[in-house]
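Read the structure below first, then the notes.
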Number of protein chains: 2
Amino acid sequence: MEFAKFFTQAEAQRIHEASLEILENIGLLVHNEKARHIFAQHGCTVDTQTGLVKFPPQVVEQCRQSFVPKYTFTARDPQFDRVLPDHRPVVVTASSAPNIIDPKTGKERRATSTDIANIAFLINELPAFDVFSISVLADDAPKDQISISRFYPALKNCTKPVRSNTPTIRDLEMVLELGYTIAGSKEAYLERPFINHHYCPVVSPLTMDVESTEAVIYLTEKGLPVYGTIVPNAGLTSPMSLLGTLTMGNAEFLALACLLQMIRPGAPNIYAVLSTVADMRTGAYASGAIETGILQMAHTMMARFYNIPSGGYIGLTNAQTTDAQSGYETGMNTAAALLAGGDLFNMGGLLGGLMAFDYAKAIMDNEMAMMLKQVKRGVEFSEEGLCLDLIKEIGPGGSYMDALHTLEHMREVAFFPKVAGREMRAQWAVSGQLTARDRAVEEANRILSKENPARFSAELDAKVRAHFPNLVAGDAKWEA
Amino acid sequence: MEFAKFFTQAEAQRIHEASLEILENIGLLVHNEKARHIFAQHGCTVDTQTGLVKFPPQVVEQCRQSFVPKYTFTARDPQFDRVLPDHRPVVVTASSAPNIIDPKTGKERRATSTDIANIAFLINELPAFDVFSISVLADDAPKDQISISRFYPALKNCTKPVRSNTPTIRDLEMVLELGYTIAGSKEAYLERPFINHHYCPVVSPLTMDVESTEAVIYLTEKGLPVYGTIVPNAGLTSPMSLLGTLTMGNAEFLALACLLQMIRPGAPNIYAVLSTVADMRTGAYASGAIETGILQMAHTMMARFYNIPSGGYIGLTNAQTTDAQSGYETGMNTAAALLAGGDLFNMGGLLGGLMAFDYAKAIMDNEMAMMLKQVKRGVEFSEEGLCLDLIKEIGPGGSYMDALHTLEHMREVAFFPKVAGREMRAQWAVSGQLTARDRAVEEANRILSKENPARFSAELDAKVRAHFPNLVAGDAKWEA
């Protein structure tokens, strides 16, 4: 497929050059000392008093030489490994919401490690999801186990790639230790590092933080894949201009990409963004707005300019329930990003922006992701597919209903939805007038009432629990 | 903007050639005698016994020479004239549903001429709609006024272009007479023919009907613009193959396009389709399926190959209420079609495929159409838009919230939705937990409770009613 484009190659080049001008003349405020040191070592000018780092253009251009075009998400089960852009669209849950819509009460509450276990099981079962980015925080986590209380239930119940972040290096080391334990040894883990790391080290405008930057440096030094998302918010942390926000965000991406390449040339990376425009009527974080999709499209064009996989948080909704808004915000922005060439879609399961996980939304997002994958497939060209013989055989005025060809191909041509209803109204009226939400809740119940085939073996689980005393239970437990 | 593409130029050429093969070797069954005569006169082979018409490739290629790249929808008020593709996306209501969801009872019932008056008023007020294709039939129409009972309330309450079809030439002539009366004279009307004509003369597979074909010939001979929509349904009336359905539909488009060019070389036309894949589990008409969008994208690519404006019925939903499904089916398919280069979107107001008009859906579709128009605008490139001076002024770690630039540009950068909520959950919980549907119903009420500024003057109305005795009242009357 050829992708939709806003810019000519010359315009993309100018946006790149403007980003270089920003990095050269305005610079990046870097709060992490190690990062400042790395930047200085590689030719940047560092003001040790203010922490301001300025990038000569040739330094950035030098780093660009070692950008690589692929990024792999490794899974506990190798059949679920996913490579960007080969497996595009790679569909990921949106992550780290503090809350969940309780499936029993319908009310929002703090999420727990048991919720993570349930969600991990669900995502493992939903065919359109490629990566489980741990959807929620765990309010029941022991204070010294904040992060493994999330990764343990996730990994225990899901054999697809698991992705998330950690607040501290100590937490990150515990999570890696969990990985080693599951893999059997550190060496075995490093061969297939099935914990996938993501941070937001850049705080717009043009600032690099301490802790997330530290994690990115730590992982990159160890040869483990990690990438970051850039999140400018026009009107608050970036210019009230789509092009201005794109350009500043692009400069921020380049700064972070340079850090990775300075530490380890050829380190894989994703050009990941969640660029938004604030709703200045109220200051609301409008992550479901169409401008989020437009900015995602524009960044994707720049990612192609650099030949780096692209994507990010796209398909979020500001809706507080799975109403029409939740459908069209997620649907329009993801379709737009896909056709602009986006590879990675953190699109699944959240309501209220990034605030709360909802099971019905996850089921619907799976369905929308299946639809996106159909669009990606598009219309494949082949001589046989033209069906000239069949069209002749059936002839003008004939029927294709009983043709053998129809029977043979009906399952492969169209996606058969579970959430979208296609009843005529008369049938619908007598069969309970179900909405898409009703059907999605039913489907979540159906899946989560089964046994989880992906669950850790008793043996593996005993080994993990022996290694980490006081671990949360981490088992899926469905009572809706 | 550069559009997304499935096909290379060589593949598009092959699809074109395969369509020529279909028209040459298989042919078109033409039930309308005048059409057969026209085809014969221009070099086609006509079997007078069967009505089968075969097209030598050079005949089609000859007709192609006079295809024109623009199509104009004329409005009663010239400011609302819309030209394809210049004003893309041109957003149109979906039309001719038999039923309406009653705004008072919420139940489906037969639609009436008063409903048409209300809908016309609403569409006139909703900024994203460019053309009012009369959404419903009028169950209260006198038997001899089937069509003017629809066109009169539509034209009386809407100054945007009004579009629909008629079942017979007699009805068509009455509708044109209505146009002459409103314009003041036949001559005045012909200068600005604000009734816009659309038919479905091709019945898949490869058949041309009697009545709609007659209307197309009638209008084209008179120099009035008219176009048709091609509606193959894979698995029932076309091959269970996206490419096969595209190719056969493309042949059907060419046959109809040839008829127009044979009658009047240079007659404007739209490559309009509603190509679908049947849900073979039940035989359901899956007009909301993602395959409808994919086929629309593919046809759009062929339309560009012929340099003809493109579009059709895109954005329909199979949902029976404005739930999430209604949002993502409409949203995803329209976004996909837009980025493939679609110009015309018959997307507004219907539920259950083409069965019932719903006010809330029309309001939501207006909002989605506003979002599509933002995507169309995309990210405009300019040196000033890069905001380099502003980024320098605010600096790393600064805030854009109070910048004069933010104040000056906030209304032009982002679309401010009325249906999509952006409250935080705590606010949402205490302010009635409104869904998108609730807000859309409120907005319809707000608009339709006003006076209609577009309504005919008393003088004009008296003139029209004197000319057509026993006309329906045709006035908007809102009691929700």
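With respect to the stated conditions, A:ALA183 fails to be at pLDDT 95 or above and over 16 Å from A:ARG76 (Cβ atoms).
A search for C-beta distances below 6 Å between a residue of region A:76-105 that is closer than 25 Å to A:ALA138 by Cα and any residue that is in a loop (DSSP other than H, G, I, E, B) and open to solvent by 40 Å² or more (accessible area, probe 1.4 Å), counting only pairs 6+ apart in sequence or on different chains, returns A:ALA97/A:LEU354; A:ALA97/A:MET355; A:PRO98/A:LEU137; A:ASN99/A:MET355; A:PRO103/A:ALA480; A:LYS104/A:ALA480. Of the set (1) surrounded by 16 or more Cβ atoms within 10 Å (Cβ to Cβ); (2) farther than 30 Å from B:ALA120 by Cα, all apply to B:THR74 but (2).
For region B:385-400, the candidate set comprises residues that are within 43 Å of the chain's Cα centre (by Cα) and not aliphatic (A, V, I, L, M); within that set, the residue that is farthest from the other protein chains (Cβ to nearest Cβ) is B:TYR400. Of all residues in region B:143-158, those being open to solvent by 20 Å² or more (accessible area, probe 1.4 Å) and touching a helix residue (DSSP H, G or I) at 6+ places or on another chain (Cβ under 7 Å) number 1. Inside region A:422-454, residues that are charged (D, E, K, R) and away from every other protein chain (no Cβ under 11 Å) make up a count of 5.
Looking at A:ALA340, A:ALA319, just one residue is more than 16 Å from the chain's Cα centre (by Cα), under 30 Å from A:THR435 (Cα atoms) and of a type in the set (A, V, I, L, M, F, W, C), and that residue is A:ALA319.
Within the set A:ALA303, A:ALA337, A:ALA289, A:ALA298, the sole residue that is more than 23 Å from A:MET240 (Cβ to Cβ) and either modelled with pLDDT of 95 or more or facing chain B (nearest Cβ under 7 Å) (or both) turns out to be A:ALA303. Scanning region A:165-191 for residues that are among the polar types (S, T, N, Q) and on the phi > 0 side of the Ramachandran plot gives no hits. Inclusion of B:PHE67 among residues that are within 25 Å of the chain's Cα centre (by Cα), surrounded by 16 or more Cβ atoms within 10 Å (Cβ to Cβ), at pLDDT 95 or above and within 19 Å of B:ILE217 (Cβ to Cβ) is warranted. Inspect all residues belonging to region B:277-288 and state whether any of them is closer than 22 Å to B:PHE3 by Cα and under 18 Å from the mean Cα position of the chain (by Cα). Checked against the condition, which is being closer than 22 Å to B:PHE3 by Cα and under 18 Å from the mean Cα position of the chain (by Cα), region B:277-288 yields no hits at all. Tell me, yes or no, whether region B:350-367 has at least one residue that is of a type in the set (D, E, K, R) and within 15 Å of the chain's Cα centre (by Cα). Yes, because at least one residue in region B:350-367 is of a type in the set (D, E, K, R) and within 15 Å of the chain's Cα centre (by Cα). For region B:1-44, a residue qualifies if it is farther than 26 Å from A:GLY378 by Cβ, open to solvent by less than 10 Å² (accessible area, probe 1.4 Å) and either touching a Phe, Trp or Tyr at 6+ places or on another chain (Cβ under 9 Å) or polar (S, T, N, Q) (or both), and the qualifying residues are B:GLY27, B:LEU28, B:VAL30, B:ASN32, B:PHE39. Annotation note: of A:GLU451, A:GLU443, the sole residue that is charged (D, E, K, R), free of Cβ contacts under 8 Å to residues at least 60 places away in the same chain and out of contact with any Cys (no Cβ under 9 Å at 6 or more places or on another chain) is A:GLU451.
Yes/no per residue for (1) open to solvent by 10 Å² or more (accessible area, probe 1.4 Å); (2) aromatic (Phe, Trp, Tyr); (3) within 8 Å of another protein chain (Cβ to nearest Cβ):
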{"position": "B:CYS200", "(1), (2), (3)": "yes, no, no"}
{"position": "B:THR220", "(1), (2), (3)": "no, no, no"}
{"position": "B:GLY228", "(1), (2), (3)": "no, no, no"}
{"position": "B:VAL231", "(1), (2), (3)": "yes, no, no"}
{"position": "B:PRO239", "(1), (2), (3)": "no, no, yes"}
{"position": "B:PHE253", "(1), (2), (3)": "no, yes, no"}
{"position": "B:GLY266", "(1), (2), (3)": "yes, no, no"}
{"position": "B:ILE270", "(1), (2), (3)": "no, no, no"}
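Contact map, region A:342-365: residues that are at positive phi paired with residues that are open to solvent by 10 Å² or more (accessible area, probe 1.4 Å) and of a type in the set (Ser, Thr, Tyr), Cβ distance under 7 Å, separation 6+ or inter-chain. Pairs shown: A:GLY353/A:TYR285. Here the strands (runs of 3 or more DSSP E) wholly within region B:1-105 that include at least 1 residues being within 14 Å of chain A (Cβ to nearest Cβ) and among the charged types (D, E, K, R) are B:45-47, B:52-54. State which residue is surrounded by the most Cβ atoms within 10 Å (Cβ to Cβ) when the search covers only region B:401-421 and only residues that are more than 30 Å from A:ASP323 (Cα to Cα) and within 7 Å of chain A (Cβ to nearest Cβ). Ranking the qualifying residues of region B:401-421, first place goes to B:THR406. Could you check, for region A:435-444, whether at least one of its residues is within 15 Å of A:LYS361 (Cα to Cα) and part of a loop (DSSP other than H, G, I, E, B)? Yes - at least one qualifying residue is present in region A:435-444.
Taking region A:295-401 and the helices (runs of 4 or more DSSP H) fully enclosed by it, the elements with 1 or more residues that are among the small types (Gly, Ala, Ser) are at A:324-339, A:359-377. Just one residue in the set A:TYR313, A:TYR328 is crowded, with 24+ Cβ neighbours inside 10 Å, without any contact (Cβ under 8 Å) to a residue 24 or more places away in the chain and assigned by TED's automatic domain parsing to the domain that holds A:HIS198; that residue is A:TYR328.
When A:ASP47 is tested against (1) more than 24 Å from A:TYR313 (Cα to Cα); (2) out of contact with any Asp or Glu (no Cβ under 9 Å at 6 or more places or on another chain); (3) surrounded by 14 or more Cβ atoms within 10 Å (Cβ to Cβ), only condition (3) is not met. Of all residues in region B:444-476, those satisfying the criterion of being at pLDDT 95 or above, crowded, with 16+ Cβ neighbours inside 10 Å and of a type in the set (Gly, Ala, Ser) are B:ALA444, B:GLY474, B:ALA476.
The values are calculated or read from the model by the stated rules, or taken from the named source; none is laboratory data. The structure displayed is predicted, hence computed values, not measured ones. Every residue, glycine as well, gets a Cβ built from its backbone with ideal geometry; the counts of neighbours run over all protein chains shown. What goes into the accessible areas is simple: the full protein's heavy atoms, side chains included, and nothing from ligands, DNA or RNA. Shrake-Rupley method; radii C 1.70, N 1.55, O 1.52, S 1.80 Å.
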